[in-house]
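What follows draws every value from the coordinates through simple rules; no lab data is involved. Keep in mind the model is a prediction, meaning the values are calculated, not measured. Cβ atoms come from the backbone with ideal geometry, glycine included; neighbour counts cover every protein chain shown.
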Amino acid sequence: MGLSKVANDLVITEGIAGVWFYHWALPDSFVSLCGARVMFTSIPANKWGCTHKNYHIPEWEAKWCSKCVQLSKDRKEEAHESQ
Ligand SMILES: [Zn+2]
């Protein structure tokens with residue numbers, strides 16, 4: 001099992017503590033990379049940081065967890081180093 005697979009399998013989740021606050025998490029986890037409790041969303045991973053009417057994300061309210069951004073980058077860098 002390679003780290004690179006894990007790094008590519010992250011999904012967008014929504015924090016249960018507040019609305020419109022999004023985190024990265026592993027697909028089978030109810031805890032985000034940064035440790036927040038999360039629930040699943042239908043937002044594709046490539047929509048991270050985007051706002052889109054189809055997903056009912058108000059542009060002025062959506063927040064994208066900066067901790068999770070950094071942690072997901074760290075994961076990808078680790079994956080590259082191990083190859
Ligand atoms: Zn987070």
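Highest average first, the peptides 29-37, 17-25 ordered by how many other beta carbon atoms sit within 10 Å of their residues are 17-25, 29-37. Between D74 and D9, the simple label model (points 7 Å from Cα in the Cβ direction) yields a spacing of 2.0 nm.
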